[in-house]
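J.: Handing you this structure, nothing more for now.
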Amino acid sequence: MPELPEVETVRRGLEIAMAGKRLIKVEQRRPDLRRPFPPDFALRLTGRRVESLARRAKYLTLHLDDSSVLLIHLGMSGRMLIGPIDTQAPGTHDHVRFEIEGGTRVVFNDARRFGLMDLFPLAALAAHPLLRDLGPEPLDDDFTAKELGVRIAGRSSAIKVVLLDQTVVAGIGNIYASEALFRAAIAPERPAETLTKKELARLVPAIKAVLQEAIAAGGSTLRDHRRPDGELGYFQHAFAVYDREGEPCPGCTCREGIRRLVQGGRATFYCAKKQR
Ligand SMILES: [Zn+2]
C-alpha cells in the first residue's frame, strides 16, 4: 500500500506534468472504483486548468480553475502513469486517462480498485467526510511533541497502534510507525499515555525524519506501483527494522536482532534492547 512518502512522490511527479495545464480530454472507463465516481465526472473536468496539487495525509487534491477540487486516493494498488499521448489502447486496469495540454497523458491504473476519486467545490474541502477528522500533518511545523502529547493523553493503547490512528496524526502507516519508534528508542507496546515529554521530544523528530528520508529516496518499493514519471518501481529505500525479523539491528549491540510482534492485526518490527 502506498504510504505518505509514496503519495508525496506521486504528487511531485504529477505537479511537473499537470500544474498550470489544462485537461484536454478525460476518459472515465468504469462507473466506480472503491465507490462510484461523482456524476458527470469526466464532463466537469474537461477543459479545466490544474492550478495546484496538494496532499493531505494520503489523499491528493488537485485544485482546479473553477474552484473545484479533484480528490484522489491511490488505495492499495493505485498508481499514476505518465507518458506521451499516443494511440495505445488503455490497459485493463487503466480506469481514468487524462490528456494534458502539451501532449502528456496521465493514467490512473488500479488493479484492485480500492482507490477513489471525488470532485467537489473547494468550499467543501475542509468538511469532506474523508478529510475532516484527520489529525495534523506529521511534516507540518504545528505537529510538535507538545501537540502529540495532548492528542495521546489518556490513551492506554500501545503507542504503535495509536500512531496509526489517523485522527491522532494523519498519514502515518505501518512501516513508518515501526521505523520511527525504533529511531526514537521507544518500545512499541508502551501505553501511549506513559510516554514522557522527553520521549515525545525524540519521537516527533523521528517521525519527521523517517518520512522525509523516504520522500527523498522517492518512496519505497514494497508493492508494484510505478514512479509517476512512468518508470517501473520506486527507488529502493532501506528500512532499519521493517520486515527484517531476525536480522541484526542497525547501530545496536543486542544479540537477538530485530523482533516481530503483531499489534492490532499489523506486524511491528522492533528491538527489545534498544526500545524501552
Ligand atoms: Zn537491537
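Laboratory data are not the source of any read-out in this text; all were calculated from the coordinates shown. As the structure is a prediction and not an experimental result, all values here were calculated from the model. Neighbour counts are summed over all protein chains in view; Cβ atoms, including those assigned to glycine, are modelled from backbone coordinates with ideal geometry.
J.: Positive end of the charge dipole of the chain (Lys, Arg +1 and Asp, Glu -1 on Cβ, about the Cα centre): tell me which of Pro36, Val169, Ala267 has its Cα farthest that way.
T.: Final value for the positive-end residue is Ala267.
J.: Tell me, what ³J(HN,Hα) does each residue in region 64-77 have, in order and in whole Hz, if you take phi through Karplus 6.51 cos²θ - 1.76 cosθ + 1.60 with θ = phi - 60° and put x for Gly and Pro?
T.: Using θ = phi - 60°, the values come out as 9, 6, 9, 6, 10, 10, 9, 9, 10, 10, 7, x, 7, 9 Hz.
J.: Throw me the Rg/Rh for region 72-132, computed over C-alpha atoms with Kirkwood Rh, two decimals.
T.: Rg divided by Rh gives 1.06.
J.: Given the peptides 143-155, 159-171, 10-22, arrange them by the average over their residues of other C-beta atoms within 10 Å, most packed first. If you can, show how the numbers build up before the last one.
T.: Values: 143-155: 16.0, 159-171: 20.0, 10-22: 18.3.
Packing order, densest peptide first, comes out as 159-171, 10-22, 143-155.
J.: May I have the convex hull volume per residue, in Å³, for the Cα set of the chain?
T.: On the way: hull volume 35.5 nm³, N = 276.
Each residue corresponds to 128 Å³ of Cα convex hull volume.
J.: Filter the chymotrypsin sites (Phe, Trp or Tyr not before Pro) in region 235-276 to those in DSSP coil with at most 15 other Cβ atoms within 10 Å of their Cβ, and list the result. Please list the in-between numbers first.
T.: Details: sites: Phe235, Phe239, Tyr242, Phe269, Tyr270; in loops: Phe235, Phe239, Tyr242.
Counting only loop positions with at most 15 other Cβ atoms within 10 Å, the chymotrypsin sites (Phe, Trp or Tyr not before Pro) in region 235-276 are Phe235.
J.: Cβ under 10 Å from Val161's Cβ, Val161 left aside: what net charge do those residues give with Lys, Arg +1 and Asp, Glu -1?
T.: Residues close to Val161 contribute a combined charge of +1.
J.: Need one word for region 83-198: rounded, prolate or oblate. Basis is the Cα gyration tensor (sqrt eigenvalues a ≥ b ≥ c); a/c below 1.5 gives rounded, then a/b vs b/c decides.
T.: prolate
J.: First check a/c for region 1-83, with a ≥ b ≥ c the square roots of the eigenvalues of its C-alpha gyration tensor; if it is under 1.5, answer rounded, and if not, answer prolate when a/b is larger than b/c or oblate otherwise. Don't skip to the end; give the middle numbers.
T.: Working: a/c = 1.67, a/b = 1.15, b/c = 1.45.
Note, shape of region 1-83 comes out oblate.
J.: Could you tell me which of rounded, prolate or oblate describes region 1-140, using a ≥ b ≥ c as the square roots of the eigenvalues of the alpha-carbon gyration tensor, with rounded for a/c under 1.5 and, failing that, prolate when a/b is larger than b/c and oblate otherwise? Spell out each step's value before the answer.
T.: Numbers: a/c = 1.40, a/b = 1.27, b/c = 1.10.
Rounded.
J.: Right, here's the next one. Once the piece of chain linking Arg49 and Ala89 is laid out straight, how much longer is it, given 0.36 nm per residue of separation minus the C-alpha distance between them?
T.: Extending this stretch completely gives an extra 11.9 nm.
J.: List, in the order given, every pair from Lys21/Lys208; Lys160/Lys197; Lys160/Lys198 whose Cα-Cα distance in the structure shown is over 25 Å.
T.: Numbers: Lys21/Lys208 32 Å; Lys160/Lys197 17 Å; Lys160/Lys198 17 Å.
Those over the limit are Lys21/Lys208.
J.: On to the next question. Which three lengths, in whole Å and largest first, does region 144-197 cover when its Cα atoms are put on their principal axes?
T.: Computed over the Cα atoms, the extents are 24, 21, 20 Å.
J.: In debye to the nearest 20, how big a dipole does region 14-63 give about its Cα centre with +1 on each Lys and Arg Cβ and -1 on each Asp and Glu Cβ? Don't jump to the answer; show the numbers that get you there.
T.: Working: 13 positive and 5 negative charges, 22 e Å.
With only Lys, Arg, Asp and Glu charged at Cβ, the dipole is about 100 debye.
J.: Please list, or write none, the aspartates and glutamates whose alpha carbon is within less than 18 Å of the alpha carbon of Lys274, excluding same-chain residues fewer than 8 places away.
T.: Straight-line reach from Lys274, under 18 Å: Glu179, Glu189, Glu199, Asp243, Glu245, Glu247, Glu256.
J.: Aspartates and glutamates within cross-link reach of Lys58: Cα-Cα under 13 Å, excluding same-chain residues under 8 positions apart?
T.: Glu3, Glu6, Glu8, Glu137
J.: Taking the 0 to 90 degree range and rounding to the nearest ten, how far is the long axis of helix 174-184 tilted relative to the main principal axis of the chain, both from C-alpha atoms?
T.: 40 degrees
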